[in-house]
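Single-structure report; data block below.
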There are 2 protein chains.
Amino acid sequence: MPDVSTVDTVACVGAGVIGGGWVAHFLARGFHVRAWDPAPDAAAKLGRLVDAAWPALTSLGLAAGASRDNLTVTTALAEAVDGAGFVQESAPEDLPLKQKLLADIDVVTPAGVVVASSTSGYGMTEMQVAAATPERFVVGHPFNPPYLIPLVEVTGGTLTASWAVEWASEFYHRVGKTVITMDREVPGFLANRLQEALWREALHMVANGEATVEQIDTAITAGPGLRWPVQGPMLTFHLAGGEGGMAHMLDHFGPSLKAPWTRLEAPELTRELRDAVVDGCVKEAGERSIADLIAERDRAIIAIQRAVEGARRG
Amino acid sequence: MPDVSTVDTVACVGAGVIGGGWVAHFLARGFHVRAWDPAPDAAAKLGRLVDAAWPALTSLGLAAGASRDNLTVTTALAEAVDGAGFVQESAPEDLPLKQKLLADIDVVTPAGVVVASSTSGYGMTEMQVAAATPERFVVGHPFNPPYLIPLVEVTGGTLTASWAVEWASEFYHRVGKTVITMDREVPGFLANRLQEALWREALHMVANGEATVEQIDTAITAGPGLRWPVQGPMLTFHLAGGEGGMAHMLDHFGPSLKAPWTRLEAPELTRELRDAVVDGCVKEAGERSIADLIAERDRAIIAIQRAVEGARRG
């Protein structure tokens, strides 16, 4: 496999919203990008997407040598992967299509080059079945837009070698991503499961006339959504417990896990789960006291609201 | 009832994390606040909470005359509501306790003064049963911390008069809140249902060893959490559909609603639900094109990340 730090060219296979977002990200990080897409209007759409992303990427700071001119668009797969030290696949969510595409990529990509799939929810085990060298295939799941949201979830399939998972995690880290390397395959990975639970509850509420689309969005943007960029659901509730932290919160709000506040049934709040959540919060808080965390959250919420107001003004 | 604009004194009944947060909010907005709490150490805890919140509130800008000295703490309910033009109840989540407390508040509060409960999930119908004048009781559900998160969900019970719901909505709006007035009682109201679905899925994942507490939080703070202050789940997915918007997104990702991406089963994506969601997004987007929304989102995500970095540095 190539050394992570020597990669200067990446191939992006599939150039829709996600694939195109990866293209923009890698271009901004100074890479040469070879994009493959079978659609006749793909190059034009991709150009518009990169153009739309470029002001944001410029304001964030481009890497040395970064240029939109470093992009090649092709409909020949072998040409796209030629010379690439890494391949990111972002084809539509269609299992047979992905299985065949990964096998096709495998044939034309030099041995040892890691191939990552942007799939939102398929496991690599089910996608790598037709590839001759399945060991270099991993999931590298980004969030839209991939050129701005840092998170990438990395996981392998049963036939994936551990070196490929490690290589991909290191490579994403090098290109500025926040990486969660999972030690097992879970459908939807991690963030999508959390987001999907919220999304499905929202769909139920619209379907039942309990809320409008606009109310759903306001409920998040003017409510808990303002906390989540700075503290995830766990630390958020750690602070809902006041000076007693998550331990007090679970002892006080534990019974509400039985309440019909969502259509999703909660797990039993066993002593083991309670302790795992409390201990995890204490560990995550580290040396920060509850008062420190409150001050950090408050500073962030104020700054986030100003950031959003500014962005809405244009 | 008092005119919304003439209210200069509010009573906060219950001074824990939420009640204390309301106290800080109303003080910062220039009100005289009378806080009631039966705990012997309530005044000291409340003082610390207001002190912790005050720098944030000062940086946001205090109303004319706002002062921490405008706070009175008492253990006599009649004294707390004396002269108050509005009462906010934030006692622990315990139904019999709330039923009795609201009845007690009712006895000592002048007719026509609206009483709102901060309850996280009880309906006013079940809480107002013991009150002699139940028509002035509403839910006014805030988010922690109430002095910074704008959202308040307002709803009445079956015995609540519509004037009380309207009065409370107008009053919250006047004190700087973003108000969602609901036309029916839904357990957990709106934002909590969405948040609770995510939270329960997270608990399942920790219980099953699929993720650590810290991974759950990173998955949100480095992932979808960065989008939610600017665009809720609906507009977020409107943009996941590329130039085709939510219509394309649902046609492409609709099948994934059947996938085991969360333990919550999705509703059937009927033509009616699909159209409601697509039409709602188009309406919410208004005159903003997909490109406008992408630009707005991108500006916001960059500014939000900088806001969080700054807040974490202190």
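Please treat every number below as a calculation from the coordinates, not as lab data. Since the model is a prediction, treat every value here as computed from it, not as a measurement. All Cβ positions, even for glycine, are placed from backbone atoms using ideal geometry, and neighbour counts span all protein chains on display.
Data table
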read-out	value
For the stretch A:46-106 and the stretch A:265-287, distance of Cα centres in Å	40 Å
Per-residue average of Cβ from other chains inside 10 Å of A:181-193	6
The protein assembly as shown: antiparallel DSSP beta bridges as a percent of all, rounded to 5	15 percent
Entries in A:K258/B:K283; B:K177/B:K258; A:K258/B:K177; A:K258/B:K100 that, when Cα-Cα distance is taken, lie over 27 Å	A:K258/B:K283; B:K177/B:K258; A:K258/B:K177
Farthest positive-ward along chain B dipole, Cα basis, beta-carbon charges - from B:S90, B:V206, B:A303	B:A303
Share, in percent, of DSSP beta bridges within chain B that are antiparallel, nearest 5	15 percent
Cβ charges +1 (Lys, Arg) and -1 (Asp, Glu), total dipole of the stretch A:223-313, debye	540 debye
Overall dimensions of the stretch A:1-138 by Cα: Rg and Dmax, Å	14.4, 43
Translational diffusion of the protein assembly as shown, µm² s⁻¹ [Kirkwood Rh, Cα pairs; Stokes-Einstein; 37 °C; 0.692 mPa s]	129 µm²/s
Average partner coverage of A:113-120, which counts Cβ from other chains inside 10 Å	1
Mean Cα-pair separation over length for the stretch B:184-314, i.e. relative contact order, pairs under 8 Å, 6 or more apart, %	23 percent
Solution diffusion estimate, µm²/s, Stokes-Einstein, chain B, Kirkwood Rh from C-alpha pairs, 20 °C, viscosity 1.002 mPa s	99 µm²/s
Relative contact order (%) - the stretch A:79-232, alpha-carbon pairs under 8 angstrom, separation at least six	17 percent
Qualifying GluC sites (Glu not before Pro) for the stretch B:250-310 [loop in DSSP, other Cβ within 10 Å: at most 15]	B:E265, B:E268, B:E287
Sites B:D69 and B:K100 - FRET efficiency at Förster radius 41 Å, r taken between beta-carbons, to 0.05	0.80
Simple spin-label estimate for A:V129 and A:D41 in nanometres, 7 Å along Cα-Cβ	3.4 nm
B:T158 paired with A:V107, simple spin-label distance in nm, labels 7 Å along Cα-to-beta-carbon	6.9 nm
Enclosed volume per residue, in Å³, of the convex hull spanned by Cα atoms of the stretch B:92-230	125 Å³
Label zone at B:L60, where the point sits 7 Å out along the Cα-to-Cβ direction: the stretch A:229-271 residues whose backbone N lies under 15 Å	none
Cα-based shape type of the stretch B:223-313, given that a ≥ b ≥ c are square roots of the gyration tensor eigenvalues and the cut on a/c is 1.5	oblate
Size of electric dipole in the protein assembly as shown: Cβ of Lys, Arg +1 and of Asp, Glu -1, about Cα centre, debye, nearest 20	940 debye
Electrostatic dipole magnitude of chain B [Cβ: Lys, Arg +1; Asp, Glu -1; Cα centre; debye, to 20]	640 debye
Theoretical ellipticity at 222 nm over the protein assembly as shown - DSSP helices of four or more residues, -39500 (n - 2.57) apiece, nearest 500	-15000 deg cm²/dmol
